[in-house]
Amino acid sequence: MIGKINSVQQVLQPNQVQPASNAKKNTSFGEILKKSIDQVNTSQIESDKMTEALASGKNVELHDVMISSQKASITMLTAIEVRNKAIEAYQEMMRMQV
């Protein structure tokens, strides 16, 4: 019985936090955020290029232009929602009483 209690205590000790095995250790939040913003920007630029190509009469399929436009729109809306949730979480923390 005491052996079981000791093993439970070892599991519950907060000082022995084990990092996730497949998580990158050196990736900061800022780097992840920058990478995500770059991906949104890249999709917007790709959509603009395809739209210009279609408007100038180059050999571009309309459905490819529409798919690119929708991808850019979805990535932008997702980025905006993430920003809104981050702001909402910050405002909620500022309302907390210490």
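Data overview
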read-out: Of M93, M66, G30, farthest towards positive along the dipole that unit charges on Lys, Arg, Asp, Glu beta carbons give the range 27-95; value: M93
read-out: Spread of Cα-to-Cα distances over 5 Å intervals beginning at zero, given as percent, for the range 27-95; value: 3, 16, 18, 17, 14, 10, 9, 6, 3, 2, 1, 0
read-out: Length-normalised contact order of the range 26-79 in % [C-alpha pairs under 8 Å, at least 6 apart]; value: 40 percent
read-out: Cα centre as origin, Lys/Arg/Asp/Glu Cβ charges: the range 31-98 dipole, Debye; value: 180 debye
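Values in this text are rule-based calculations from the coordinates and carry no lab data. Predicted model, so just to flag it, every value in this text is computed and none were measured. All Cβ positions, glycine included, derive from the backbone under ideal geometry; neighbour counts span all protein chains shown.
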